[in-house]
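Working notes, structure below.
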């Protein structure tokens, strides 16, 4: 099956190349096409946490339809209910930036705590060059409360300098400032992200 979370193929490649182990945690693992299946198909021992019941139910429907077990439980990235050094690798794809920056920092510390020494973490953050920067109600430095569909969602945006401060105690294995053009209605907008693969 081809997944739309293309950046996770790159993360999979680095995991395989380094050969650190195959026990992986997905932080915010729900949705109608959960990428944990990508890692199941490549022989990983998978586990996911998800805070939103609707997203959990979507993942359960996906698992039922495809006859697989995803091992997703309700959980919060800011307080991960696993022991230290429980996983070889972990990731958060298109989810961690839906929090205030203080909670993002705490979530990153939690991911680092549960991943073994020399393990890998993938995280992507919104760039201040994204079309959404500055839209909605400002609630903090680079933090905005925005209307997304039928709900209000937090989006936190980072400059390159801010990401260096955020990840100063990691070794960067891979970094990309990624921009994509997307059509929304009749308009084309620029989405911009910071993609990191980090060694604990």
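The rows are residues; the columns are (1) in contact (Cβ under 8 Å) with a residue 60 or more places away in the chain; (2) assigned to a helix (DSSP H, G or I); (3) touching a helix residue (DSSP H, G or I) at 6+ places or on another chain (Cβ under 8 Å); (4) over 22 Å from residue 22 (Cβ atoms).
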{"site": "112", "(1), (2), (3), (4)": "yes, yes, no, no"}
{"site": "116", "(1), (2), (3), (4)": "yes, no, no, no"}
{"site": "119", "(1), (2), (3), (4)": "yes, no, no, no"}
{"site": "129", "(1), (2), (3), (4)": "yes, no, no, yes"}
{"site": "139", "(1), (2), (3), (4)": "no, no, no, yes"}
{"site": "147", "(1), (2), (3), (4)": "no, no, no, yes"}
{"site": "157", "(1), (2), (3), (4)": "yes, no, no, yes"}
{"site": "163", "(1), (2), (3), (4)": "no, yes, no, yes"}
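Can you pull out every residue in segment 39-63 that is in contact with a strand residue (DSSP E or B) (Cβ under 6 Å, 6 or more places away or on another chain) and in a helix (DSSP H, G or I)?
Residues satisfying the conditions are 39, 40, 56, 59.
Being within 28 Å of residue 80 (Cα to Cα), touching a strand residue (DSSP E or B) at 6+ places or on another chain (Cβ under 8 Å), buried (at least 18 other Cβ atoms within 10 Å of the Cβ) and in contact (Cβ under 8 Å) with a residue 12 or more places away in the chain, is that true of even one residue in segment 165-184?
Within segment 165-184, one or more residues are within 28 Å of residue 80 (Cα to Cα), touching a strand residue (DSSP E or B) at 6+ places or on another chain (Cβ under 8 Å), buried (at least 18 other Cβ atoms within 10 Å of the Cβ) and in contact (Cβ under 8 Å) with a residue 12 or more places away in the chain.
Tell me which residues, restricted to segment 26-38, are crowded, with 18+ Cβ neighbours inside 10 Å and outside any helix (DSSP H, G or I).
26, 27, 28, 29, 30, 31, 34, 35
Just need a number here: residues in segment 64-83 that are assigned to a loop (DSSP other than H, G, I, E, B), modelled with pLDDT under 95 and surrounded by fewer than 12 Cβ atoms within 10 Å (Cβ to Cβ).
2
The values are calculated or read from the model by the stated rules, or taken from the named source; none is laboratory data. Only a predicted model underlies this, so the values are computations on that prediction, with no experimental measurement involved. As a convention, Cβ positions derive from the backbone with ideal geometry for all residues, glycine included, and neighbour counts pool all protein chains shown.
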